[in-house]
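Here's the structure we're looking at; comments come further down.
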Amino acid sequence: MFSDLSSKENSIPTGIETHAHLLLVSASLSNGNDVDRILLSAGYRVSCVDTVSLAKQFLSNHAVDLILLDMAVMTEAGPAMVQTLAGTDCVILVNEHQAYLAAEAMRAGAIDYIIKPFSQRQILDVVRGALRLRQAIPNLIATSPQSLQVLQLARRAAKTSATILIGGESGTGKERLARYIHEMSSRAGKPFVAINCAAIPEAMLESILFGHSKGAFTGATANQQGKFELAQGGTLLLDEISELPLALQAKLLRVLQEKEVERLGSHQVIALDVRIIAASNRDLRELVLQGAFREDLFYRLDVLPMSWPALRERRDDILPLAEYFIERYAAQQGYRLGESARQQLLSYDWPGNVRELDNVIQRALIMARGLHIQAVDLMLPHYAAEADTPQPQALAAPEGLSETKRHAEFQFVLETLRRFRGHRTRTAEALGMTTRALRYKLAAMREQGIDVEQQIQN
C-alpha cells in the first residue's frame, strides 16, 4: 500500500512551512502514535508505504530526505536492509523488545532510532536531529567505519546535557566535532562559542573566560561579558584545555560545579545554562599524574569522553575530504584528482591530519597545470624528497603556469612564511616540501623581483 498523503498536505495550518520530504515505512500508522498526523502538523511532507519492497520502488522515482522505518515491516533480511535503501538517511522505529535490532541497523548505516510508543515531542526531536545531519558542517566528512562510530556516539551525547571531553591529535577537527554535537542538540539555535586556551596570554585568559566589571583592572573601562555569558543557553568549547593554568583550573571547576559565574571585580552571581565541551590533543590522565592538571577537574570534564581519530586511522575519509576541499576552493571549475594524486594521498600518513590535507589541496590547486591534479602537484614531503635533486623542475613553478597562478603560488608561500615569522624549516614542513626545495622556491621569487624579506615583514 502506498500513500503520498497529498490530500492531507492541504490541512497543514497556514504559516507552517512545508520543508523536508519524509518516507514512513510502516505496517500500521498508529502503534499508539498517529505518526503521519504529527509529522504533517509540523510542516513535513509525508509519504507512506507498508513494505520495504514498495519503499525501494518509491525511492527509485522520488527524492526523499529521511526514511522512518518500522522494524515491524522488515523481512528476513533484517536490519542490514538499511544498506539497500538508496543511501538515504534512515531512522529506525522499534518496540522495547527490539533494541538489539536497532543496534544492528545503526551498524548497517541507520543514523538513529526511537522506541515505541513515543510522544509527539520525542518523534519530532528525532526527525529534526536526523535532518540536521544533512546540513554539511565544514570539514566534517565521515565515511570510514571509525568516523561513523564517533558520530553515532556524538549524536547520542548531543541528546544529553553532560560535559564532553574530546581527545585527538592536532588538526583532526575536534572543534568541528564539537560544533556538530551542538548542532545535533536542543541548543542548536543558541550560541556556539569556542575559545582556544593556548592562544590567549595567561594574564588575559581569566577576564576573557569570566568577564570583568568596569574598573576591575587598569584598562577595564567598561563592563565586559566573558565567554561563559556569551554562550548562555548554548555550548562553550574550551579547546586545548590542557594549557589552562592551574589557578584558573580551580576557578573553572567552581563554575562547573556551581553553574554560576562572577565577573572580575564584581560580586554579582550570574546563573549559567551552558553546555561545556572540552578538547585537548594531550593525554589529560598523564598530565594529572604529572601534577599539571587537576584531578577533580579532569573527572568533572571526563563525563562523556570521545576521540576523533587521526586521518591515517580513517583512510576512507581522505579522498572525500580532498574532494570537499577542491570544491570549497575551486567550486565548479572542474578540477579532478588524477590517479597518481589519489594514490599519493592514500599512501601518505598525514601527521598534520585534516589541517595538513586542507593546505595540500590549496597548494595543489595552485600548482596544477591543468584540471587534473597529479601527484607532483601535491608536493607531499616524500615526493619532494625524491625530486630534491640538482634539477628541481618539479618544485619550481610549472612551465606554462599562468601569471595569475604563479602570483597565487608566490603569495601562498609568502603567507606561510609570515605565519611562521620567516622560520624556513617550519614553513617548509607546512608547505609539504624540504627546506632545500623552499630555498629554490624563494630564489625563483627573488628572480621575479620579489623582496622576500620585506614581504615577510609586511
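None of the figures in this text is laboratory data; all of them are computed from the coordinates on show. Worth saying up front: this structure is predicted, and the values here are computed from it rather than measured. For neighbour counting, all protein chains shown are included, and Cβ atoms are generated from backbone atoms with ideal geometry for every residue, glycine included.
Laid out as a table, the results:
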| quantity | calculated |
| --- | --- |
| Farthest toward positive dipole pole in the chain [+1 Lys/Arg, -1 Asp/Glu at C-beta], among 199, 431, 362 | 199 |
| Percentage relative contact order, the chain, counting C-alpha pairs under 8 Å, at least six apart | 11 |
| Among 281, 305, 181 - extreme Cα towards positive end, dipole of the range 145-307, charges at beta-carbon | 181 |
| Lysines whose Cα lies under 27 Å from that of residue 159, excluding same-chain neighbours fewer than 8 positions away | 116, 174, 190, 227, 259 |
| Compactness relative to 2.2 N^0.38 Å, alpha carbon Rg of the range 145-307 | 1.03 |
| Dipole magnitude of the chain, debye to nearest 20 (Cβ charges: Lys/Arg +1, Asp/Glu -1, about Cα centre) | 640 |
| 222 nm mean residue ellipticity, helices alone, for the chain (DSSP H n ≥ 4; -39,500 (n - 2.57); rounded to 500) | -12000 deg cm²/dmol |
| Estimated dipole of the range 145-307 in Debye, rounded to 20 [Cβ of Lys and Arg +1, of Asp and Glu -1, Cα centre] | 540 |
| DSSP-defined antiparallel bridges as percent of all bridges, the range 145-307, nearest 5 | 20 |
| Given 12 as the ceiling on other Cβ atoms within 10 Å, longest exposed-site-free region of the chain for GluC sites (Glu not before Pro) in DSSP loops | 97-398 |
| Spatial extent of the range 82-223: Rg and Dmax, with the Cα atoms as the point set, Å | 19.8, 65 |
| Reachable lysines from residue 441, criterion Cα separation under 23 angstrom, eight or more residues apart if same chain | 405 |
| DSSP-defined beta bridges in the chain - what % are antiparallel, rounded to 5 | 15 |
| Calculated volume of the Cα convex hull per residue in Å³ (choose from [x] 207; [y] 137; [z] 196), label | [x] |
| Ordering of 42-49, 297-304 by packing [mean C-beta count within 10 Å, highest first] | 42-49, 297-304 |
